[in-house]
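What follows is a short report on a single structure.
The values are calculated or read from the model by the stated rules, or taken from the named source; none is laboratory data. What you are looking at is a predicted structure, and each value in this text was computed from that prediction instead of being measured. Positions of Cβ are generated from backbone atoms using ideal geometry, with glycine treated the same way; all protein chains shown enter the neighbour counts.
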Amino acid sequence: MITLPLTTQTPLVDAISHLLGLDGSFGLILSAFIAAFLIGNIMLISAGIAGPWAKRKITAVFTDRIAVNRLGPLGLLIIVADAVRLLAKELIVPEGVDRPSWDIAPLILPFSALLGFAVIPMGGPLQLADPETGLVFVFAVASIASVGVVIGGYSSNNKFSMLGGLRAVAMNIAYEIPLIVTAASVVLFAGSLRLSEIVSAQAAPLIVIAGVTIPSWFAFVNPFAFVLFLIANLAEIGRNPFDIPEAPTELVAGYVTEYSSVYFVLFFLGEFLHVFLGGAIIATLFLGGPAAPISSLSFIPGFIWFLLKIWSVFLFTQWMRAAIPRVRIDQMIEIGWKGLLALSFINLILTAILVGVIA
Amino acid sequence: MSSTPASSQKNIVGISKNGTLDYTKLEKLLGPLVLQKEDHVNAPAFVIRPDSVEEALTLLRDEAGFDHLSCVTAQEYEDRFESIYHLRKYDSPQHELGIVVPSPKNNPWNQSACSVFRTADWHEREAYDLVGINYEGHPDLRRILLPDTWQGHPLSLDYDQNKPQLITLQEHENPLRDTDEENTMFINIGPHHPATHGVLHLKTVLDGEHVVSVDPDIGYLHRCEEQMAQGLNYRYQIMPYPDRWDYASAGLLNEWAYARAAEDLVNIEVPEYAEIIRTMGAELCRICAHFLAVGTFALDIYGDFTAIFMYAMRDREIVQSILEDLTGQRMMFNYFRLGGVVWDLPEPRDEFLSKIQKFLDKIPAGIQEYSELMTTNEIFQLRCVGTGILPPDVARQYGVTGPVARGSGIDYDLRRDDPYGYYENLDWNVVTNDGCDIYSRFLVRLGEVEQSAKIIGQCISLLESWPEEDRIIQANVPRTIKPPADAEIYRAVEAAKGELGIYIRSDGTQQPARFKIRSPCFSNLSTLSEMATGGLVPDLIAALGSLDIVLGEVDR
């Protein structure tokens with residue numbers, strides 16, 4: 001038997017077992033469940049607020065409207081109303097759907113996104129697991145989502161769904177490679193795949209301008225990679241200008257066309273979780289994770305900073321959605337393969353040279 | 001099929017020295033084909049035999065420069081059927097000619113004009129569908145507005161309206177048929193699809209993402225507008241209906257189409273003051289309609305209810321409230337009357353006029369905003385430049401008019417070329433663009449908004465200074481209108497989407513014996529397969545959006 005020299009730290013699980021005095025393997029498993037429950041719920045709440053409420057409010061600001069304002073303060077209770085509405089709807093199972101896979105597909109999307117959050121450092125002990133290969137893990141599980149999309153598109157027995165599924169595959173293949181290659185350039189700087197170490201590598205001060213210390217976040221160190229990653233991430237989560245798999249005006253709703261009620265909610269939830277997972281990855285790789293932007297603000301807990309950062313990435317995607325046209329499928333593939341891929345490799349090579357020179 | 005535009009030829013037959021049409025020369029050109037000459041109110045017409053349609057139309061197109069088949073009207077008389085081909089020239093639309101083709105009662109047929117004008121394809125299908133004339137040599141003579149299983153032809157004289165129609169299940173069946181070729185997929189885009197701008201059904205065959213063929217299936221919104229008008233009187237009852245053709249806020253433009261035809265039919269002079277109000281209202285409608293076109297087109301390209309859509313709606317809302325002040329309605333205006341308009345500007349006049357002026361002042365900034373958000377956006381250009389190409393000669397063949405034609409570089413605008421209303425006396429330009437693509441159609445619409453604003457501005461200053469005692473909004477029109485029996489007229493106006501023509505034949509009663517609507521969207525939509533075949537699905541959607549169709553007008 002080969003033992004891999006990998007060590008996985010589990011900060012949150014350790015903290016919980018310590019706090020509740022749970023020990024032994026049973027205690028460890030129990031505290032792991034509690035920890036997972038905690039992290040999962042934090043993200044679900046985030047997506048739950050973002051889905052029905054924040055998205056409407058943000059888009060409304062961009063488009064000169066008011067949006068929800070009837071239920072509760074600022075229309076916040078729309079979240080409850082929407083939950084009731086969506087869950088109370090009839091689940092319509094169209095004729096001829098490929099049954100087990102049609103049911104599995106909606107589960108895969110939120111599952112893969114939630115799994116990704118397991119290794120994201122959210123400040124303090126709020127990190128479920130911190131394996132040495134954290135970055136690889138997060139990309140691996142995030143890309144499971146496309147499997148769900150393809151299954152959903154293919155099993156729906158609907159031509160629009162199938163086209164949507166096919167588009168999703170084409171897009172994910174085209175954009176995941178630049179995404180990962182760009183992330184690799186960050187790894188070169190940090191010298192580790194472990195996410196907590198990537199975060200701590202960004203803590204050192206970069207420059208001091210007028211008494212304000214700018215930390216060496218990789219967004220500042222290598223803005224080029226940051227921009228590349230932001231663009232590739234838009235494609236990864238399927239938002240404008242790359243909302244091609246759904247493309248409401250072309251494919252009705254793409255792979256979600258035939259899904260209703262709870263299954264639709266799961267797809268919807270999965271998408272929002274993916275937007276946030278993308279935000280979390282960006283925050284971790286480029287924006288110093290849970291660190292405060294300037295040291296004088298570090299009295300605010302890291303978790304708050306982390307949430308702020310992923311919400312600003314969410315805001316960015318909503319901004320894109322409100323202002324940028326959708327590219328055509330062939331143009332998108334071209335941008336991915338001919339543009340982003342080449343640029344991301346150039347970025348990787350230049351970074352490698354730079355890191356080599358500094359070392 | 002030769003489709004050389006006649007304008008490129010030097011010797012156009014049938015034009016007298018002062019530039020007007022010389023019908024005797026035209027008659028000579030057609031020679032023995034002409035059986036008889038008829039006088040319609042708009043222009044003379046030649047009666048020809050049903051088997052000489054192709055020959056006559058080819059001669060007229062190639063030798064006499066009639067390159068625009070505006071409309072095909074079919075109707076049934078007590079003793080015969082009749083098809084009328086209304087011909088015009090793109091270069092000089094005032095040169096009109098009708099070709100009347102009578103056909104026997106027991107076997108109504110005539111030669112199809114499809115090989116001469118491709119636009120005849122859809123028009124003859126409609127004539128076959130509603131009246132029941134068979135067009136020999138038509139490549140695809142099936143029903144266009146009614147379901148395939150419909151029994152009888154509703155506008156024929158012996159049609160029994162009370163007989164129930166049996167629509168078989170076959171008709172409702174989802175036609176998920178496989179195509180004959182391998183590796184292609186048949187897909188129904190619509191009738192319920194976010195991008196079809198209403199209930200339009202595109203039978204599309206795809207090869208991967210590429211469009212192999214697309215066949216628009218229309219008629220879902222057919223409301224028998226023509227037949228309804230035939231049961232209503234000229235004076236009061238028809239006017240509310242035009243609002244329902246192009247209901248996307250172009251109501252006054254449609255009303256003007258009917259008003260112009262009916263007024264010319266019975267020689268009603270509209271007072272100058274009313275003409276100015278009409279012109280102003282119509283241009284407000286045009287702005288309204290173009291804003292909607294811009295907004296929904298953005299929806300097709302951007303894919304969501306994005307900023308640009310909402311901005312267009314916001315600006316359109318201002319025009320809507322102005323029109324509401326003027327007409328009392330937001331959508332179904334019913335503001336025109338034969339011989340004028342129903343009431344004067346709302347009081348206080350100054351407030352109303354300054355409200356319009358305030359809106360006009362905002363337009364340049366608004367156009368600037370659209371340009372920044374859309375026309376200068378690189379992704380937008382990537383999608384629109386060089387896609388959905390419609391070359392001018394193809395556009396002429398399909399009888400394309402309006403912003404779609406002007407986006408293909410065809411300088412054709414009835415407001416200038418066949419003047420009506422107060423347009424002659426105002427200073428404005430026809431916007432054209434030679435791009436022939438989706439982008440140029442979009443630019444033409446934005447440009448037309450500016451020109452309309454210019455027209456409205458001049459109307460306002462005229463209305464402001466108009467002496468109070470001369471504010472005549474309505475000519476003296478008899479309570480009942482009975483045009484002379486067998487008077488026929490075809491008159492068109494420049495509606496938001498192009499040439500909106502009305503053909504009326506009177507039988508001496510208060511109601512028209514035949515009321516035919518020539519819808520610009522109908523002809524424009526027929527070019528879709530020409531634009532979209534070979535492109536990608538997103539291009540198909542963008543091309544459809546750039547046509548700016550309103551199904552209420554396509555189906556009538």
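Collect the residues in region B:251-291 that are among the aliphatic types (A, V, I, L, M), more than 21 Å from B:L426 (Cα to Cα) and part of a loop (DSSP other than H, G, I, E, B), keeping them in residue-number order.
B:I268
Working only within region B:346-391, note down all residues that are closer than 30 Å to B:R471 by Cβ, surrounded by fewer than 20 Cβ atoms within 10 Å (Cβ to Cβ) and of a type in the set (A, V, I, L, M).
B:L353, B:L360, B:I363
Which count do you get for residues in region B:79-124 that are of a type in the set (A, V, I, L, M, F, W, C), over 20 Å from the mean Cα position of the chain (by Cα) and either under 23 Å from B:G409 (Cβ atoms) or surrounded by fewer than 23 Cβ atoms within 10 Å (Cβ to Cβ) (or both)?
The number of residues fulfilling the criteria is 3.
Looking at the structure I just gave you, is B:V404 assigned to a loop (DSSP other than H, G, I, E, B), at pLDDT 90 or above and more than 14 Å from every other protein chain (Cβ to nearest Cβ)?
Criteria not met by B:V404.
Quick check on this structure: which one of B:S523, B:S519, B:S529, B:S506 is touching a residue at least 24 places away in the same chain (Cβ under 8 Å) and either within 28 Å of B:M185 (Cβ to Cβ) or not assigned by TED's automatic domain parsing to the domain that holds B:A485 (or both)?
Within the list B:S523, B:S519, B:S529, B:S506, the selection yields B:S529.
For the list (1) at pLDDT 85 or above; (2) within 30 Å of B:D539 (Cα to Cα), I need the number of the one condition that A:A323 fails.
So A:A323 meets the others, but not (1).
Could you please find all residues in region A:45-66 being within 11 Å of chain B (Cβ to nearest Cβ), outside any helix (DSSP H, G or I) and surrounded by fewer than 18 Cβ atoms within 10 Å (Cβ to Cβ)?
The answer is A:D64, A:R65.
If you check B:I322 against the conditions, is it in contact with a helix residue (DSSP H, G or I) (Cβ under 6 Å, 6 or more places away or on another chain), surrounded by fewer than 24 Cβ atoms within 10 Å (Cβ to Cβ) and part of a helix (DSSP H, G or I)?
So B:I322 passes the test.
Please work out which residue is farthest from the chain's Cα centre (by Cα), limiting yourself to region A:254-285 and to residues that are within 14 Å of chain B (Cβ to nearest Cβ) and within 17 Å of B:E209 (Cβ to Cβ).
Only one residue tops the list, namely A:T257.
Name the single residue that is nearest to the other protein chains (Cβ to nearest Cβ) among those in region A:7-33 being assigned to a helix (DSSP H, G or I) and crowded, with 17+ Cβ neighbours inside 10 Å.
Here the answer is A:L12.
Among the residues of region B:193-213, what is the count of those that are in a loop (DSSP other than H, G, I, E, B) and within 11 Å of chain A (Cβ to nearest Cβ)?
7
In region A:286-338, what residues are more than 17 Å from the chain's Cα centre (by Cα), crowded, with 17+ Cβ neighbours inside 10 Å and away from chain B (no Cβ under 14 Å)?
A:A291, A:A292, A:P293, A:G302, A:G336, listed by residue number.
Condition check ((1) on the phi > 0 side of the Ramachandran plot; (2) within 14 Å of chain A (Cβ to nearest Cβ); (3) at pLDDT 80 or above) across all residues:
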| position | (1), (2), (3) |
| --- | --- |
| B:A120 | no, no, yes |
| B:E126 | no, no, yes |
| B:L145 | no, no, yes |
| B:H172 | no, no, no |
| B:P175 | no, yes, no |
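Filter region B:93-119 down to the residues that are polar (S, T, N, Q) and in contact with a strand residue (DSSP E or B) (Cβ under 9 Å, 6 or more places away or on another chain) and list them by number.
B:Q94, B:S103, B:N107, B:N110, B:Q111, B:S112, B:T119
Just checking, does region B:311-334 include any residue being basic (K, R), closer than 20 Å to B:D548 by Cα and within 14 Å of chain A (Cβ to nearest Cβ)?
Yes: one or more hits.
Between B:Y258, B:Y247, B:Y241, B:Y234, which is without any contact (Cβ under 8 Å) to a residue 40 or more places away in the chain and away from every other protein chain (no Cβ under 14 Å)?
So the residue among B:Y258, B:Y247, B:Y241, B:Y234 that is without any contact (Cβ under 8 Å) to a residue 40 or more places away in the chain and away from every other protein chain (no Cβ under 14 Å) is B:Y241.
Conditions tested, residue by residue: (1) in contact with a Phe, Trp or Tyr (Cβ under 6 Å, 6 or more places away or on another chain); (2) in a helix (DSSP H, G or I); (3) surrounded by fewer than 24 Cβ atoms within 10 Å (Cβ to Cβ).
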{"site": "B:L463", "(1), (2), (3)": "no, yes, yes"}
{"site": "B:Y503", "(1), (2), (3)": "yes, no, no"}
{"site": "B:Q510", "(1), (2), (3)": "no, no, yes"}
{"site": "B:F522", "(1), (2), (3)": "no, yes, no"}
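Return the pair list, or none, for Cβ contacts closer than 6 Å from residues in region B:288-308 that are under 25 Å from B:E324 (Cβ atoms) and at the interface with another protein chain (Cβ under 7 Å from one of its Cβ atoms) to residues that are at pLDDT below 85 and in a helix (DSSP H, G or I), at least 6 apart or on different chains.
B:L299/B:F309
Each row is one residue, and each column tells you yes or no for (1) at negative phi; (2) outside the structural domain of B:L130 (by TED's automatic domain parsing); (3) buried (at least 20 other Cβ atoms within 10 Å of the Cβ); (4) out of contact with any Leu (no Cβ under 6 Å at 6 or more places or on another chain).
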{"residue": "B:P194", "(1), (2), (3), (4)": "yes, yes, no, yes"}
{"residue": "B:V199", "(1), (2), (3), (4)": "yes, yes, no, no"}
{"residue": "B:G208", "(1), (2), (3), (4)": "no, yes, no, yes"}
{"residue": "B:A229", "(1), (2), (3), (4)": "yes, yes, yes, yes"}
{"residue": "B:M239", "(1), (2), (3), (4)": "yes, yes, yes, yes"}
{"residue": "B:D243", "(1), (2), (3), (4)": "yes, yes, yes, yes"}
{"residue": "B:A248", "(1), (2), (3), (4)": "yes, yes, yes, no"}
{"residue": "B:Y273", "(1), (2), (3), (4)": "yes, yes, yes, yes"}
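Sort out which residues of region A:149-194 are crowded, with 24+ Cβ neighbours inside 10 Å and hydroxyl-bearing (S, T, Y), and write them in order of number.
Once the filter is applied, which keeps residues that are crowded, with 24+ Cβ neighbours inside 10 Å and hydroxyl-bearing (S, T, Y), region A:149-194 yields A:S156, A:S161, A:Y175, A:T182, A:S185.
Please determine, by comparing only the residues of region A:209-253 that are within 13 Å of chain B (Cβ to nearest Cβ), of a type in the set (A, V, I, L, M, F, W, C) and not in a loop (DSSP other than H, G, I, E, B), which one is nearest to B:L540 (Cα to Cα).
A:L251
Answer with yes or no whether A:L115 is crowded, with 18+ Cβ neighbours inside 10 Å and without any contact (Cβ under 8 Å) to a residue 40 or more places away in the chain.
yes
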